[in-house]
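Note sheet for the following structure.
The values are calculated or read from the model by the stated rules, or taken from the named source; none is laboratory data. Quantities reported herein were computed from a predicted structural model and do not represent experimental measurements. We place every Cβ from the backbone using ideal geometry, glycine too, and count neighbours over all the protein chains shown.
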Amino acid sequence: MEQEFELIAKTFMGLEPVLAQELTQLGANNVEIGRRMVSFTGDKEMMYRANFQLHTAIRILKPIKHFKAQSADDVYNEVKKASPLTPWYSPTSSATLSSWHTK
């Protein structure tokens with residue numbers, strides 16, 4: 001059995017309960033509704049199944065770090081600490097941090 005990890009399924013406002021039901025029927029564990037998202041746990045197979053079989057999810061995200069931020073600078077500083085070799089670390093990169101959630 002593969003190790004389970006946290007995943008987040010993004011959705012549109014109002015569809016969170018429907019997405020949570022879809023995830024439960026798909027076999028996801030620890031399903032929790034958030035704001036325009038549903039968090040859950042699963043292995044690599046669940047991640048792929050979620051990507052291909054969910055009707056109400058916009059995208060599936062795999063968190064790499066959790067932290068609290070008071071400002072945009074806090075967010076970017078924490079992201080830099082998480083992995084200084086990633087593209088968003090470069091001052092010339094056009095990549096942006098697209099989403100994060102709070103619990």
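With respect to being under 15 Å from Thr56 (Cα atoms) and touching a strand residue (DSSP E or B) at 6+ places or on another chain (Cβ under 8 Å), Ile33 falls outside the description. Residue count for segment 38-86 under the criterion of being in contact with a Ser or Thr (Cβ under 8 Å, 6 or more places away or on another chain) and within 22 Å of Pro17 (Cα to Cα): the result is 5.
If you go through segment 1-36 and keep only what is in a loop (DSSP other than H, G, I, E, B) and not small (Gly, Ala, Ser), you end up with Met1, Glu2, Gln3, Glu4, Thr11, Phe12, Met13, Leu15, Arg35, Arg36. In segment 37-46, is there at least one residue being part of a loop (DSSP other than H, G, I, E, B), at pLDDT 90 or above and surrounded by 12 or more Cβ atoms within 10 Å (Cβ to Cβ)? Yes; the residues of segment 37-46 include at least one that is part of a loop (DSSP other than H, G, I, E, B), at pLDDT 90 or above and surrounded by 12 or more Cβ atoms within 10 Å (Cβ to Cβ). Among residues of segment 83-95 being surrounded by 12 or more Cβ atoms within 10 Å (Cβ to Cβ) and either under 18 Å from the mean Cα position of the chain (by Cα) or among the hydrophobic types (A, V, I, L, M, F, W, C) (or both), the one that is modelled with the lowest pLDDT is Trp88.
Residues in segment 52-73 that are assigned to a helix (DSSP H, G or I) and within 19 Å of the chain's Cα centre (by Cα) were compared, and the one that is modelled with the lowest pLDDT is Ala72.
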